[in-house]
1. Show me the helices (runs of 4 or more DSSP H) found entirely inside the stretch 128-218 where at least 1 residues are open to solvent by 30 Å² or more (accessible area, probe 1.4 Å), among the hydroxyl-bearing types (Ser, Thr, Tyr) and touching a residue at least 40 places away in the same chain (Cβ under 8 Å).
2. Please go through the stretch 224-239 and give me each residue that is free of Cβ contacts under 8 Å to residues at least 40 places away in the same chain and part of a loop (DSSP other than H, G, I, E, B), ordered by number.
3. Please give the number of the condition residue 348 fails out of (1) surrounded by fewer than 20 Cβ atoms within 10 Å (Cβ to Cβ); (2) free of Cβ contacts under 8 Å to residues at least 60 places away in the same chain.
4. From the list 38, 98, which one is free of Cβ contacts under 8 Å to residues at least 60 places away in the same chain and farther than 19 Å from residue 129 by Cβ?
5. Out of 54, 16, I need the residue that is among the aliphatic types (A, V, I, L, M), more than 17 Å from residue 75 (Cβ to Cβ) and out of contact with any Pro (no Cβ under 6 Å at 6 or more places or on another chain). Which one?
6. For the stretch 25-35, enumerate the residues that are open to solvent by 60 Å² or more (accessible area, probe 1.4 Å) and aliphatic (A, V, I, L, M).
7. For the stretch 1-24, name all the residues that are surrounded by fewer than 17 Cβ atoms within 10 Å (Cβ to Cβ) and out of contact with any helix residue (DSSP H, G or I) (no Cβ under 9 Å at 6 or more places or on another chain).
8. Return the residue satisfying two criteria in turn: it lies in the stretch 283-301 and is open to solvent by 30 Å² or more (accessible area, probe 1.4 Å), in contact (Cβ under 8 Å) with a residue 24 or more places away in the chain and not basic (Lys, Arg), and of such residues it is nearest to residue 346 (Cα to Cα).
Amino acid sequence: DQIITKLICVKALVNLMADKSLYNLLVKDGIIWGLSKLAQLENAELLGLCSKALCNLSAEFAREMLRSTVSTRCVLQLVKRNEVELKKAGAKTITNLLLRTTDADEEFRKLCVATMPSLAKSDDSELNEMCVFCLCLASQSESCRVTIVASGVLELIKGGTIFADRSISYAYITLFSNIANDPSMRPKVLDDLAIQRFANICMAKDHHIELAVAKALYCVSCSKENVPKLVDQKIIPFLHTLLEKEYDDGFDRSVDFSYNLLACLYNLTTCPEVQATLVIQGFVEVLLNLWSDAEKNFKICNLAYLSICHLACGRTNSARMVADGCTSILCFITEHKNDPKFASYNFNWEAKYHGAAALRNLLFVISNQKSMVLEGCLETIIKLSNESVEMTNLIKLNASNNISGANFMNTNMSASVVNTLATGTQQNCAVCLQSMTFNKEIRDKLLSSEAITIILDDIRSQGTTINPNLLRELEEESWDNGSRSRKKAHGRLKDVPIWALYTELLGGTSNVQLNVDLKYEDMSKFYVQVQLDKPNTVTDTGNESADNIDSSSDVALNFDDIGIQDLSPYEESDDFLTTAVQAHPKQGYDIEGDSTQLNLLNSDGKALGEIDYPTVSPTLEDSTTAMKATTTSTTVTPVNNNSNNNNTLSDSSHYEATNEYSGRDSNRDEERNELQPKTPLARPRSNTSINSKTQLQQLFGGAMKTAIDNNNKNLEKGKNPINTAKLEPIHSAHKKPVKKATKSVKQVAPAEFVHTQPPPPPVKASEEDFQNLIQFIRKTKHGQGGTVDDIMVKWNTMSKF
């Protein structure tokens, strides 16, 4: 349950994830669930590792994560964290999951949308970008569109540098269009910064993006509630800037692009409250910029024509419209017949009626008349008047045939409706001409054209019986002397019907390719270094003993801090310690003394001769069975041994008894016994002191007690005391061997043992020295002599001899 243990395990998993071929096995073993559970622990490092690992797993195993409630809950909680790095890991994971969602995952999409405001509010641009991606992917579900709008997250999206990335621009436009295509959401999708975002998006000069923007603008313009918002955000200046761009590749605007923009412009003119503002913002100039494209398609051309009619019939600045060039568009309704390319165009009577009404209202202002006549409006008015007369006469001629039906002469209207529109068109044309009679610069053109005939016919239609020639003379005279005044009926036409919103393009997609790349978190493999004490490795002729490693030795795993680097396989270097084998012969030391002072007796009470003492005597009694054996020590010393380890025992404390002879036969032993004095050998001592109470008690406890007991017995029998110099540390043969370290420590093969010649006979030590030591140990045992530390001092002093 320790956090450090969990950290080590997670880091091990991260190292395994360096090999992507293992992902499938890891997922089958439950790594997604495990990481998700560990991420719930309140540990920053653990949470960071788990979040990054889950992110990378989500790229290929999104469906497995979507099926895990623990996993999805964990990811959603990451996005709500305050730490930016955790937010990024969570946002990337959600993006990967949303890329694999279907309509069946609608609930998960809604949960994701609920977490998006925290990403949109962040000052980190990468989080803002992923917010747009996630919202775009979630907007595929109808219910999510409602949640997106209700959450207000669209208003939080910053229109700064994030749209420099084209994929972000595509995502935002797709998101916007998906919501705008929903009639119930269309009035709510538009916020106060929408046009500004579109302007930032179009700075990339990408034709496909601009087409998507045009479609998005058209979608939102299909709502009456959105029209004032668009105008307030200055959509006309935005479009003017967009259309004035010059492209290095010589790109020509597509018909689809122009169609959507003109449909949007037309919808804007259907709102009387903004018509005046549209004219001031330069609506006519924008329309003229698109007119060359509009002429190529009758539907587009008809929308552009009706847009001008709406503005001309509204409360607008007519002088600004005429100055910007609207006359040429209004004249197209008749002039198109002069060009074979447009011969198939057939404007209906509603368009003709609105065109005549627009000309009437514009020509009502005398200052507009001259420029409009120069642009050809007089000829257009005459042609419209003549067409309307022909239509009304045709309807009257066929009235006896009981003409009925909703498609009179393929007009998709009944004969009565056509007759009403034709009559109104004729009346509007007559008023246009009447208005121009007040302009002296135009009168001559009226008299030299059919205009005067149209004016007189209109007067006669009102019931006058004056001779036509006389009527003409009277009319011309009134123009000259100014004896007449304008009639109210010849003023502006009010309450001209406004056509409905154009919604035929709704329902289509933006055809934007949304290429969202899978998201990954950069992870580095952890480099592991194992630090531990370097023990001495000692072997002998009989057995290869395990290193006497203290079980309390610390093994530290040092991990590098995680970095945001590319994850690449790590090849471990050979950093094992190199060991070298060195053979050291047993050393002998001469100790002077009287050969009669110390004798070691065998079981028969006879003194033994020269004996090569065993290196380890578990007990004094057992030592006699191993006295004929000789040993040679071989020390395997690691080159990088830690010299600071004060608890390491000397070489002499690692000897073991052996029952093998050193190669000398028994005859040679007997000869030497006869030649040499009957003097036991004092065992060579190491000059390395033993300075641990615990080790002293463990090593000497059993042997010391045995030595004291045997010494007492010998004294009682009148025999010489035991040679206490033979007391040796016990190498706890019953203790379970310590396992060798397997990391960073490589053991080498044991060296061949070298048999050395026996050392020369040493001189005996003083009986008084050993007797004093035995007495001191006896008193210490009963709590009178001193402490173990005191025994240690005396022992070290004796070992120097």
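The values are calculated or read from the model by the stated rules, or taken from the named source; none is laboratory data. Since this is a predicted model, take the numbers as computed values, not measurements. Note that we place each Cβ from the backbone using ideal geometry, even for glycine, and neighbour counts take in every protein chain shown. Just so you know, the surface numbers come from the protein's heavy atoms only, side chains and all, with ligands and any DNA or RNA stripped out. Shrake-Rupley method; radii C 1.70, N 1.55, O 1.52, S 1.80 Å.
1. Because the criterion is at least 1 residues that are open to solvent by 30 Å² or more (accessible area, probe 1.4 Å), among the hydroxyl-bearing types (Ser, Thr, Tyr) and touching a residue at least 40 places away in the same chain (Cβ under 8 Å), the helices (runs of 4 or more DSSP H) in the stretch 128-218 that meet it are 166-180.
2. 225
3. Of (1) surrounded by fewer than 20 Cβ atoms within 10 Å (Cβ to Cβ); (2) free of Cβ contacts under 8 Å to residues at least 60 places away in the same chain, only one is false for residue 348: (2).
4. Being free of Cβ contacts under 8 Å to residues at least 60 places away in the same chain and farther than 19 Å from residue 129 by Cβ holds for just one of 38, 98, which is 38.
5. Within the list 54, 16, the selection yields 16.
6. Once the filter is applied, which keeps residues that are open to solvent by 60 Å² or more (accessible area, probe 1.4 Å) and aliphatic (A, V, I, L, M), the stretch 25-35 yields only 25.
7. Result: 1, 2, 4, 5, 8, 12, 18, 19, 21, 24.
8. This residue is 298.
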